[in-house]
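Notes for the one structure printed next.
Nothing in this text is a laboratory measurement; each read-out follows from the coordinates by a stated rule. This is a predicted model, so every value here is computed, not measured. Please note: Cβ atoms are built from the backbone with ideal geometry, for glycine as well, and neighbour counts cover all protein chains shown.
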Amino acid sequence: MEKIIDETLQGTAVHVAKKETNTRNLYIESYGCQMNFSDSEIVASILAKEGFNTTQHLEEADLVLVNTCSIREKAELTVRKRLEKFNAVKQNRPHMKVGVLGCMAERLKSKLLEEEKIVDMVVGPDAYKDLPNLVQEIDEGKNAVNVILSKEETYGDVAPVRLNSNGVTAFVSITRGCDNMCTFCVVPFTRGRERSRDPQSIIEEVNDLWTKGYREITLLGQNVDSYLWYGGGLKKDYTKASDMQKATAVNFANLLEQVALAQPKMRIRFSTSNPQDMTLDVIHTMAKYTNICNYVHLPVQSGSNRILKEMNRLHTREEYFELIDNIKRIIPDIAISQDMITGFPTETEEDHQDTLSLMTYVKYDYGFMFAYSERPGTMAARKLEDDVPQETKKRRLSEIIALQRQHCQEKTEQHLGQVQEVLIEGLSKKSDAHFMGRNSQNTVAVFPKEDYKVGDFVMVRMDSCTSATLIGEAVGYSEN
Ligand code: SAH
Ligand code: F3S
């Protein structure tokens with residue numbers, strides 16, 4: 001295998017020559033959160049060094065990896081269906097091996113090998129650096145499992161291979177795990193305790209992305225506002241840090257500022273913010289730097305104080321309103337999105353009305369809404385009966401979706417008549433004569449291509465819209 005290490009760029013990029021005879025094809029499919037998509041890029045990088053080229057074609061694969069999600073039962077069922085498809089392909093490619101990565105691997109461990117005969121390898125989210133050894137084991141005809149969670153692993157030293165990239169926008173992971181223990185959520189069990197990545201390696205990755213032509217990054221974590229670098233180690237061990245470590249610690253507002261200053265023309269987004277951990281410092285930092293986008297994803301899950309408490313969300317409805325008011329005061333043209341769950345155990349009609357009235361108060365620009373799905377092992381599953389009938393969950397879900405749709409339409413219309421900066425990401429899905437991009441608020445805009453190109457920042461006059469897409473015309477390059 002031939003590796004070309006390009007050391008002229010900051011960080012180390014690994015390109016693997018495409019037509020080597022002793023390379024093998026890796027087909028990797030990702031489900032669930034953005035972090036999983038980002039992790040797959042780390043996995044592809046680790047395996048590139050072992051002679052694996054990524055392929056988009058399942059039929060060509062020597063190794064198939066599926067990076068899985070456990071957040072709702074349906075996510076797991078989707079993966080099990082895909083495993084059936086892999087099984088069918090394997091009939092014609094008997095040497096093909098199959099590995100399960102991510103949250104399902106961590107949750108089900110070696111049980112997956114018993115339940116799904118097609119699976120050769122099970123690897124949890126903190127064990128990807130062990131992949132070279134695990135692949136060797138399956139090459140020898142054995143099954144391989146590593147689901148050990150780590151106190152330190154952040155993959156800060158791995159330069160991700162960008163997969164399915166538009167060459168313009170990229171994810172940069174900044175924390176792993178979550179310590180919040182929301183009672184419905186499986187993530188703290190599958191991704192372990194929270195730890196932050198060295199800011200230096202984050203800045204290096206961002207610089208490297210800029211050099212390669214990327215123009216927008218999204219800093220990723222289950223709970224980015226909780227970012228805290230004090231030299232490594234678990235967030236929960238911070239109390240044991242030395243005075244020196246505490247004096248030089250970097251929190252999320254500091255990190256945002258460092259990234260904004262390192263690449264003043266790179267657009268910066270981040271996800272996800274948890275209301276209980278988001279500080280005013282973060283919002284002031286967003287306001288201070290024009291390259292930090294005016295958009296925040298701020299899941300609330302429910303509008304009822306009683307349900308918030310049962311969910312172990314550590315804020316009240318009133319405190320959430322206060323945060324929202326502050327954000328809108330400091331950044332008047334901010335866009336805010338939500339995650340919401342309907343039918344959490346014991347949720348009454350009154351609780352549901354509280355959710356609807358909270359949505360009306362905030363008027364979110366977008367939303368991601370789900371019916372509660374009981375996850376084995378979580379506090380809610382252990383302590384509370386899943387007692388809201390499926391039809392009720394579904395009906396409440398359709399009510400909040402309908403309300404969100406209305407708000408979405410109103411929010412999109414608010415951009416009309418304005419001339420806004422849009423970063424061109426690629427062709428519009430509907431027309432090759434049009435480009436698509438996003439404004440700072442993350443709303444999609446489409447407009448005729450003219451002489452612009454992918455990666456340009458252009459000023460677009462917003463003339464009309466559908467419920468979630470702005471339609472306009474470019475009037476020139478952005479001067480920012
Ligand atoms: N902080 C994370 C949240 C991960 S889960 C992030 O980075 O996005 C994403 C969303 O899935 C949650 O905000 C919640 O709305 C939803 N969710 C989590 N567990 C769920 C469950 N058991 N049933 C239904 N929805 C759930
Ligand atoms: Fe899950 Fe709550 Fe963390 S939703 S990822 S436990 S912030």
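Summary table below
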read-out	value
The chain - charge dipole about Cα centre, Lys and Arg +1 at Cβ, Asp and Glu -1, debye rounded to 20	500
Across the chain: Cys residues that no other cysteine approaches within a C-beta distance under 4.7 Å	Cys33, Cys69, Cys103, Cys178, Cys293, Cys408, Cys465
Karplus-derived HN-Hα couplings along segment 312-318 (A = 6.51, B = -1.76, C = 1.60, θ = phi - 60°), whole Hz, x at Gly and Pro	6, 7, 8, 8, 9, 4, 5
Enclosed volume per residue, in Å³, of the convex hull spanned by Cα atoms of segment 169-413	132
Residue (of Ser173, Gly141, Thr183) at the positive-pole extreme of the chain, dipole from beta-carbon charges	Gly141
Residues whose placed amide H lies under 5 Å from that of Val145, excluding near-sequence neighbours	Val122
Translational diffusion of segment 11-146, µm² s⁻¹ [Kirkwood Rh, Cα pairs; Stokes-Einstein; 4 °C; 1.567 mPa s]	87
Computed helical MRE - 222 nm, the chain, DSSP H runs ≥ 4 contributing -39500 (n - 2.57), nearest 500	-10000 deg cm²/dmol
Percent antiparallel among DSSP beta bridges (both partners in segment 419-477, rounded to 5)	90
Environment charge of Thr154, counting only residues whose C-beta is closer than 9 Å and scoring Lys/Arg +1, Asp/Glu -1	-1
Greater than 26 Å apart at Cα, pairs in Lys328/Lys449; Lys363/Lys430; Lys363/Lys394; Lys90/Lys111; Lys49/Lys236; Lys265/Lys430	Lys328/Lys449; Lys363/Lys430; Lys49/Lys236; Lys265/Lys430
Relative packing of 435-445, 25-35, 306-316, which averages over residues the other C-beta atoms within 10 Å, highest first	435-445, 25-35, 306-316
Distant alpha-carbon pairs in segment 390-475 (separation over 19 angstrom), percent	42
Cross-link partners of Lys85 among aspartates and glutamates (Cα-Cα below 17 Å; sequence separation of 8 or more within a chain)	Glu29, Glu59, Glu60, Asp62, Glu76, Glu115, Glu116, Asp120
Amide H partners (placed H, <5 Å) of Val98, local residues excluded	Val64, Asp120, Met121
Selected from Ala474, Met462, Ser431, residue furthest toward positive end of dipole (segment 419-477; charges at beta carbon)	Ser431
√(5λ) per eigenvalue of the Cα gyration tensor, the chain, largest first, Å	34, 30, 24
Efficiency of FRET from Cβ geometry, Leu427 and Glu115, R₀ 56 Å, rounded to 0.05	0.85
